[in-house]
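One structure below.
The values are calculated or read from the model by the stated rules, or taken from the named source; none is laboratory data. Just so we're clear, the structure is a prediction, and the values are computed from it rather than from any experiment. We place every Cβ from the backbone using ideal geometry, glycine too, and count neighbours over all the protein chains shown.
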Amino acid sequence: MNSRKIKAWTWVHKWSSLVCTVFMLLLCITGLPLIFHHEIGHLLGTEVEAPPMPANTPRASLDRVIAVAHALHPERVVQFVSQPEDDDGLWFVTLTPTPAPTMTSSRSPSMHEPPRCWPNRSSTKASCM
């Protein structure tokens, strides 16, 4: 190789690596908040955390958790209860203002009336409103 080809390949290598570096920097900057969102939420005080309890404190029953959530918002109905995967000291209770299921179509954003009869998974009969 002569010096002219070496200079040309050096120029191509330098500028192609600079372009790749911009994309890698973009991935690093946008990926860090996704990886450390729990820690960032903890520092900002926006993360829900269970208060520290002694080790021998008995766990509250799920019925008690639902009763406390319903007492805080008596006008709402419990829809979901879940726990985070990494912390078994918390319960998330999702409450909704409407007791009836709300349905929308994936093809039209308008609301639909729920069917009169819902299939009952525990038996072969359907429970009707």
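Below is a table of values for the structure above.
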{"item": "Helices (runs of 4 or more DSSP H) within the stretch 1-92 that include 1 or more residues among the hydroxyl-bearing types (Ser, Thr, Tyr)", "result": "3-35"}
{"item": "Restricting the stretch 60-100 to residues that are touching a Lys or Arg at 6+ places or on another chain (Cβ under 9 Å) and within 21 Å of Glu49 (Cβ to Cβ), the residue that is surrounded by the fewest Cβ atoms within 10 Å (Cβ to Cβ)", "result": "Asp88"}
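Per-residue answers, yes or no, for (1) assigned by TED's automatic domain parsing to the domain that holds Gly89; (2) farther than 18 Å from Leu90 by Cα; (3) at pLDDT 85 or above:
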| position | (1), (2), (3) |
| --- | --- |
| Trp11 | no, yes, yes |
| Trp15 | no, yes, yes |
| Cys20 | no, yes, yes |
| Cys28 | no, yes, yes |
| Leu32 | no, yes, yes |
| Ile35 | no, yes, yes |
| Glu49 | no, no, no |
| Arg59 | yes, no, no |
